[in-house]
Amino acid sequence: MNGQTAIAVTGINLGENPQPGPGVVRSLREALGTSVRIVGLAYDAMDSSLYAPDLLDDAFLVPFPSAGPTAYLQRLLEIHAQVPLDAIIPCLDVELPVLVEISDALQSVGIRSCLPRREQLLDRSKARLTELAKRVGIDTPETHPILDDGSLAAMGDRLGYPYVLKGPYCDAEIVRGPGEAASIFARLATRWGLPLLAQRYVVGEEYDVVCLGDGEGGMPGAVAMRKTMLTRLGKAWGAVTIDDPELIAAARRVILSLRWRGGCEVELLRERGGHIHLIEINPRFPAWVYLATAAGVNLPLGLLRLALEGRAPSFTPARPGVFYVRHATETTGTLADVDALVTRGMRPSAPPPPIANITSQYTP
Amino acid sequence: MSRRTPTEDTVVVSSSCYPRLEWGFKAEPKTGTMDTLRLDMLAVSETGFVFDPRTGHSYTVNATGLTVLNDLKRGEPLSTSLRRLQSEFDCPQTVTEDLLAFVEALHNYDLVDKTNPIEGAT
């Protein structure tokens with residue numbers, strides 16, 4: 001390993017619903033250069049980062065978290081036998097309950113992590129958001145669980161239209177009238193399971209804060225941003241960092257109350273009069289985490305330090321006015337790459353070949 | 001200082017995204033100074049690009065708008081801006097209305113809390 005620190009990172013697909021892994025990797029690469037070895041963990045042979053140059057050193061397929069903690073742990077240990085891992089940074093919501101459950105087993109073989117505890121995960125869940133918001137003194141839109149589509153009409157009467165229907169882990173759609181409630185319910189329930197959550201629609205501007213919690217109530221770093229470009233799915237395609245002490249203070253109260261350990265994203269909404277609402281807490285770094293790094297606050301590096309050394313560096317406030325626009329481009333691979341991933345579950349440690357080589361393989 | 005020729009829309013401010021359309025401001029002639037707290041935070045370039053670090057919104061102003069905005073940031077009363085517009089630009093008589101409209105636009109973008117209409121303006 002040549003003294004390199006090997007870090008496994010998940011959530012490496014930059015598609016229509018971009019995942020945080022690539023931003024985490026770029027942040028670590030910028031700070032640590034060649035002293036870090038990045039091991040990408042993919043759920044699909046077509047996850048885009050598998051074929052992106054200068055991002056991953058090794059890549060492996062892993063089972064979906066729904067396979068359960070035992071299967072997930074077994075696969076990680078298989079990978080650890082091939083590339084000894086020093087730490088793992090999970091970047092997807094659905095992985096966290098599994099990773100939290102197997103974190104001690106991973107730690108026992110030398111794979112460290114910086115994760116919240118099970119109770120913290122539950123306390124930040126959408127179902128308990130109202131309770132948490134009350135505890136930290138921030139308003140939150142009225143929210144109710146929905147277990148079946150029979151209660152949609154009553155929910156419409158109760159919350160009025162439009163209201164927001166949310167999946168238990170992620171995803172949300174605006175219900176603008178009774179006519180579209182059932183189809184949105186079916187779509188979200190099929191994709192994410194039940195219960196869904198119905199939330200009162202509040203008019204205002206959304207601001208998001210990416211945070212790092214040290215597990216003792218401290219928040220070594222946080223960066224606030226406003227989305228400037230949205231995809232059809234409502235995902236940020238562009239954003240700009242801002243300097244709003246009230247938003248940072250609100251996020252700090254959330255981190256303190258939860259004693260959050262690890263990365264997270266606090267979603268807030270500010271009404272025109274300035275009133276702040278707590279909308280959601282995502283239990284991992286967001287896909288835009290590299291914006292924080294670009295603004296001078298490398299939170300993935302801080303998280304890695306917490307995992308490996310038990311303490312994070314102290315960050316200076318982020319520079320406001322730093323923006324990003326996501327740039328979609330094509331990554332290329334060969335049949336040999338897909339072959340290796342599908343049949344052996346790993347990609348050889350080699351950068352994707354240049355286009356000329358791909359073409360030459362098919363020249364008679 | 002040479003006199004500059006303003007564009008047709010003499011004093012304008014426009015948002016690059018998410019423009020607010022609520023126009024609840026009513027200009028009432030009174031004296032006093034503008035609340036400059038929010039203006040102080042604005043980053044204003046020499047070319048008229050304006051960034052509000054509190055909200056992340058950005059705007060552009062033209063040459064006359066930039067002149068007024070910089071006056072306001074310095075805490076100058078609007079009467080000073082009016083005199084400056086009249087002396088440095090070939091402004092028509094209607095510039096007073098444009099100036100008030102500009103301040104109203106600043107208010108609607110939450111950049112100022114209240115206005116200081118020009119003393120003695122009709």
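The values are calculated or read from the model by the stated rules, or taken from the named source; none is laboratory data. Quick caveat: nothing in here was measured; it's all calculated off a predicted structure. Virtual Cβ from ideal backbone geometry, glycine too; neighbours counted across all protein chains shown.
So, in the stretch B:36-46, of the ones that are modelled with pLDDT of 90 or more and closer than 22 Å to A:THR228 by Cα, which residue ends up surrounded by the most Cβ atoms within 10 Å (Cβ to Cβ)?
Here the residue is B:LEU42.
Mind listing whichever residues of the stretch A:224-273 are in contact with a Ser or Thr (Cβ under 6 Å, 6 or more places away or on another chain) and among the β-branched types (Val, Ile, Thr)?
Kept after step one, since they are in contact with a Ser or Thr (Cβ under 6 Å, 6 or more places away or on another chain), are these residues of the stretch A:224-273: A:225, A:237-240.
Within the stretch A:224-273, A:VAL240 is the sole residue that qualifies.
Which residues, counting only those in the stretch A:182-214, are buried (at least 21 other Cβ atoms within 10 Å of the Cβ), touching a residue at least 60 places away in the same chain (Cβ under 8 Å) and within 14 Å of chain B (Cβ to nearest Cβ)?
A:TYR207, A:ASP208
Which of the residues that make up the stretch A:241-264 are of a type in the set (D, E, K, R) and more than 20 Å from B:ARG54 (Cβ to Cβ)? Steps first, please.
Filtering the stretch A:241-264 for residues of a type in the set (D, E, K, R) gives A:243-244, A:246, A:252-253, A:259, A:261.
Once the filter is applied, which keeps residues that are of a type in the set (D, E, K, R) and more than 20 Å from B:ARG54 (Cβ to Cβ), the stretch A:241-264 yields A:ARG259, A:ARG261.
Would you kindly identify the strands (runs of 3 or more DSSP E) lying entirely within the stretch A:15-117 that contain at least 2 residues that are farther than 30 Å from A:ALA295 by Cβ? Reasoning before the result, please.
On the way: elements: A:36-42, A:58-61, A:87-89.
Output list reads A:58-61.
So, in the stretch A:218-247, how many residues would count as being more than 12 Å from chain B (Cβ to nearest Cβ), on the phi < 0 side of the Ramachandran plot and not in a strand (DSSP E or B)?
7
Could you check how many residues of the stretch A:248-287 are among the polar types (S, T, N, Q) and assigned to a strand (DSSP E or B)? Outline the logic, then answer.
Of all residues in the stretch A:248-287, those among the polar types (S, T, N, Q) come to A:257, A:282.
Subset that is assigned to a strand (DSSP E or B): A:282.
Of the residues in the stretch A:248-287, 1 are among the polar types (S, T, N, Q) and assigned to a strand (DSSP E or B).
Would you tally the residues in the stretch A:258-276 being touching a helix residue (DSSP H, G or I) at 6+ places or on another chain (Cβ under 9 Å) and buried (at least 18 other Cβ atoms within 10 Å of the Cβ)? Give the derivation first.
Initially, the stretch A:258-276 is screened for residues touching a helix residue (DSSP H, G or I) at 6+ places or on another chain (Cβ under 9 Å), giving A:258-266, A:268, A:270, A:274, A:276.
Imposing the further condition that a residue be buried (at least 18 other Cβ atoms within 10 Å of the Cβ) reduces the set to A:258, A:260-266, A:268, A:270, A:276.
The qualifying residues number 11.
In the set A:ASP47, A:ASP58, which member is of a type in the set (Asp, Glu) and either surrounded by fewer than 21 Cβ atoms within 10 Å (Cβ to Cβ) or touching a Lys or Arg at 6+ places or on another chain (Cβ under 7 Å) (or both)? Break it down into steps so the answer makes sense when it comes.
Details: A:ASP47 fails: either surrounded by fewer than 21 Cβ atoms within 10 Å (Cβ to Cβ) or touching a Lys or Arg at 6+ places or on another chain (Cβ under 7 Å) (or both).
Going through A:ASP47, A:ASP58 in turn, the sole match is A:ASP58.
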